Every structure is written in structure tokens, then in C-alpha cells.
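Some notes on the structure that comes next.
Derivation of every value follows stated rules applied to the coordinates shown; laboratory data play no part. This one's a predicted model, so the numbers in the text were calculated from it and none came from an experiment. Note: ideal-geometry Cβ built from the backbone for every residue, glycine included; neighbour counts use all protein chains shown.
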Amino acid sequence: MYLYGDNRKYDYTSFENDVRVEYDYILELIKPNTTVIDLGCGNGSLLKRLIDEKKVTAIGVDSSKSAFEACRKKGLKAELTEIDKPLPFADNSFDYSICNVTIQMVMYPEILLQEMKRISKYQVISFPNFAFYRNRIELLFKGRMPKYMLYFHTWYNTGHIHQLSLKDFYELVNFIGGLEILERRFIKNKSLFKDFLIKSFPNLFAQLLIFLLAKTE
């Protein structure tokens, strides 16, 4: 029995709509009237905002049947398939591919990024920074897998199977090659001092990271 549920099942039947703080930041990176694919689209809440506010032509992709059904209920175009395998889309099919807080939850993140590069001119990726200082403190003083970034789950029932830091992401981008980081954004705080720390030491103080990349080859 799982105390907080099992978020490896990706069941969206109980929350077919959501509002996340990073959505506004992602929308700022997407130009209007473009083509977008949202990989790991979940219940389609971000996808719907992109269509409504940016007037994009968009499709969502997710491996969860409940996510697929939630998207269809919203009138969204969606595909039911794994996102870290070769995708059924031609090269350069989209202006943007988006992977929001999902790259750490797939088996093959390197294939996911490679596919994003193949099918789109620009790539938008966000992920929780596992090197966040609260995780470091918990690991150092409690000697256990940090729970803070597992969002109320435990190490054995979380879908976060490939936790990564800012430095790890840079390493992956270099490994894939042919990608340029155009923008790096952080979630702003009410405190100017906290914002200063995040900008100065992002691998230590940034909790969530958002990137805009471009294909160079």
C-alpha cells in the first residue's frame, strides 16, 4: 500500500485540469501562430493554453491512456505513444517541441532529446533541479534519498527515475550535439535576494529550470 499513491501510473482521471507556475514562462518562449508538439502532455492543460493564447497548431503526445482521454475531452489533438522512442513524425515537422517536467521521468532521456531535435527547430525543456540546496542538505544530514523534490512520494513509488541537475543537463546537451541553448529561465521569487542567489548560483538555488534550445545542424 502506497501512502501517497504511485505516480508511475500517470493517472489523470482525478485531475483533468491543472495550473502550474512554469506554464507562463513556457508560453513566453513560444511565438504565436507556430506549430507545437507537447511531449508528455499530461492532461493537456498547457497545450490548451498554447492554442487559446498563442494560436498555435498543436498536438500532444503521452504514454498514459488517461492523459490521452483528458486531451480529447478538451478537443485537443493527441497521440498515445512513448516519447522516449523514435516518434512517428517526420524531420522538422514542428517549430517547437516541448517537454515540461517530464525528461526525468522517462527511461531514455537521451533518445527523447534526440527526437526533439529531429522533429523541431526549437526545443523547450523544463525539469526540477535535483542539485537544489534543500536536496543536498537532506542527503548530507539524513543520509537518505531526498524527499523534497519527489513531491510527496518516496524513492520506490515515484516516476522520477532519472533525476538530474543543471550540470547534468548541460552534459546531455553536449552529448547529443547540434543544439544551442538560447535562453535559460528560473521561477521568480518575491525575494530579490533569492532571485540574486538563483541567478548567481543556479545549480545550487534554482528549484525548477526552463530552457529554450535551437537546432544548429
Residue in the stretch 15-26 that is aliphatic (A, V, I, L, M) and more than 15 Å from Ile125 (Cα to Cα) present: yes
Pair list, Cβ < 9 Å and 6+ apart or interchain, from the stretch 73-93 residues that are under 14 Å from Val36 (Cα atoms) to residues that are exposed (fewer than 12 other Cβ atoms within 10 Å of the Cβ): Glu79/Pro88
From the options Tyr10, Tyr25, residue that is of a type in the set (Ser, Thr, Tyr), within 19 Å of His160 (Cα to Cα) and either buried (at least 18 other Cβ atoms within 10 Å of the Cβ) or touching a residue at least 40 places away in the same chain (Cβ under 8 Å) (or both): Tyr10
Of all residues in the stretch 1-53 being in contact with a Cys (Cβ under 7 Å, 6 or more places away or on another chain) and of a type in the set (Gly, Ala, Ser), the one that is nearest to Cys99 (Cα to Cα): Gly40
Matching entry among Asp91, Asp95 (being closer than 23 Å to Ile111 by Cβ, in contact with a strand residue (DSSP E or B) (Cβ under 7 Å, 6 or more places away or on another chain) and charged (D, E, K, R)): Asp95
Strands (runs of 3 or more DSSP E) within the stretch 114-217 that include 1 or more residues in contact with a Lys or Arg (Cβ under 8 Å, 6 or more places away or on another chain) and among the polar types (S, T, N, Q): 120-128
Whichever residue in the stretch 40-72 is small (Gly, Ala, Ser) and part of a loop (DSSP other than H, G, I, E, B) and, among such residues, is surrounded by the most Cβ atoms within 10 Å (Cβ to Cβ): Gly44
Residue, farthest from Arg134 (Cα to Cα), within the stretch 150-171, restricted to residues that are of a type outside the set (Ser, Thr, Tyr) and free of Cβ contacts under 8 Å to residues at least 40 places away in the same chain: Glu171
Single residue of Tyr108, Tyr156 found to be farther than 21 Å from Asp84 by Cβ and surrounded by fewer than 16 Cβ atoms within 10 Å (Cβ to Cβ): Tyr156
Test: residue in the stretch 130-145 that is of a type outside the set (Ser, Thr, Tyr), over 18 Å from the mean Cα position of the chain (by Cα) and crowded, with 19+ Cβ neighbours inside 10 Å: yes
